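Nothing in this text is a laboratory measurement; each read-out follows from the coordinates by a stated rule. All figures in this text were calculated on a predicted structure; none of them were measured in a lab. When we count neighbours, we look across all protein chains shown, and the Cβ atoms used for this are built from the backbone with ideal geometry, even at glycine.
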Amino acid sequence: EGGHLASDVSRIEIERLAQNVVKSHLETSQYTSEELKRLAWILYSQEDIRNMQSKSCEAMWHECTVQISNAIQYVVEFAKRVDGFMDLCQNDQIILLKAGCLEVLLIRMIRAFNPLNNTVLFAGKYAGVQMFKSLGCDDLINAIFELGRNLCRLQLSDEEIALFTAAVLLSPDRPWLSESKKVQKLQDKIYLALQHEIQKKSGNEDRLSKIISKLPLMKTICNLHLDKLEFFRLVHPEVATNFPPLYKEVFNS
Amino acid sequence: KEKHKILHRLLQDSSSPVDL
């Protein structure tokens, strides 16, 4: 299928799209590579961790929704800058963002994930799984850290992260899309661009399938997050009402 | 539209809240 499409789509078009997606990614990353390098070994102290662990479940949930909500704004800006996204009808733009933004965030997370000490950048410093204990979502947190370690093993470049996140965002199989063919065409071109990028750099034939093989774990994490949110809303409806409006818009069904 | 008013606004807004 890829070969057939390649004959229809010119190489120049694919290269232009790759440049656009990579530029959009770099312009809308929450942290530059330099900033991340500077922060790399800035860890929470034992006291910080104890304080965070002693927070109530509700307060920790709220803190996480604020961080996620903030990060989503950058994903929306990324989507807006990807060629073709704004040509979709607004209904489809919303569907793609709602369905795909957490997956995009999970991939973006690896830029701020340190596999050497199993920590992730959270609110300005690096934190391990124990930091999130009070959320009461050990399975979800463990799955997110497992994905972080798995993805880090691939040592994705910024170009690969850019193209992979764009491809995930433009998934044509999201329910209720009105122009899924149009989305499919865009995604096909982005995957072609990713394939070219891989060939250019490493020439490793199964690298693309290794990257794509992480999608099921990402889907599991997204479903688990929705389950946890649903449960939290049942137990603490008044706290959930005060979650950031953008978080509620994206994740309330 | 009302249900997703922030997303609509972010998508339409050229001066997005992202500080670039």
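Structure values in brief
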quantity: Which of A:Ile110, A:Ile95, A:Ala79, positive extreme of dipole for segment A:57-138 (C-beta unit charges); calculated: A:Ile110
quantity: Most to least packed among A:118-124, A:104-110 [average Cβ atoms within 10 Å]; calculated: A:104-110, A:118-124
quantity: Scattering curve values for segment A:176-244, log₁₀ I(q)/I(0), Debye with Cα scatterers, q = 0.24, 0.28 Å⁻¹; calculated: -1.03, -1.12
quantity: Cα centre as origin, Lys/Arg/Asp/Glu Cβ charges: segment A:140-217 dipole, Debye; calculated: 80
quantity: Scattering curve values for segment A:1-127, log₁₀ I(q)/I(0), Debye with Cα scatterers, q = 0.18 Å⁻¹; calculated: -1.09
quantity: P(r) histogram, all alpha-carbon pairs of segment A:105-171 included - 10 Å bins from 0, percent; calculated: 20, 50, 26, 4
quantity: Computed lengthening from A:Phe231 to A:Lys37, 0.36 nm per intervening residue step minus Cα-Cα distance; calculated: 66.1 nm
quantity: Dimensionless Rg over Rh [segment A:78-127; C-alpha; Kirkwood]; calculated: 1.16
quantity: Cα-Cα over 20 Å, subset of A:Lys228/B:Lys3; A:Lys23/A:Lys80; A:Lys248/B:Lys5; calculated: A:Lys228/B:Lys3
quantity: Chymotrypsin sites (Phe, Trp or Tyr not before Pro) restricted to segment A:146-239 and DSSP loop, no more than 15 other C-beta within 10 Å; calculated: A:Trp176
quantity: Shielding by partners - mean other protein chain Cβ count within 10 Å, residues of A:73-84; calculated: 3
quantity: Descending Cα extents along the principal axes, the protein assembly as shown, whole Å; calculated: 59, 45, 33
quantity: Rg and Dmax [Cα atoms of segment A:16-82; Å; Rg one decimal, Dmax integer]; calculated: 16.3, 50
quantity: Cut-off under 5 Å, modelled amide H: who pairs with A:Thr119 long-range; calculated: A:Asn114
quantity: All Cα pairs of segment A:55-196, percent lying beyond 27 Å; calculated: 28
quantity: In order through segment A:244-251: 3J(HN,Hα) via Karplus (6.51 cos²θ - 1.76 cosθ + 1.60), integer Hz, x for Gly, Pro; calculated: x, x, 5, 4, 5, 4, 6, 9
quantity: MRE, 222 nm, helices only [DSSP H, n ≥ 4, -39500 (n - 2.57), over the protein assembly as shown, to nearest 500]; calculated: -21000 deg cm²/dmol
quantity: Interchain or long-range residues, amide H under 5 Å from A:Leu43's placed H; calculated: A:Tyr126
quantity: Residue-by-residue Karplus 3J(HN,Hα) for segment A:184-199, coefficients 6.51, -1.76, 1.60, Hz, glycine and proline x; calculated: 4, 4, 5, 5, 4, 5, 5, 5, 4, 4, 5, 4, 4, 4, 5, 4
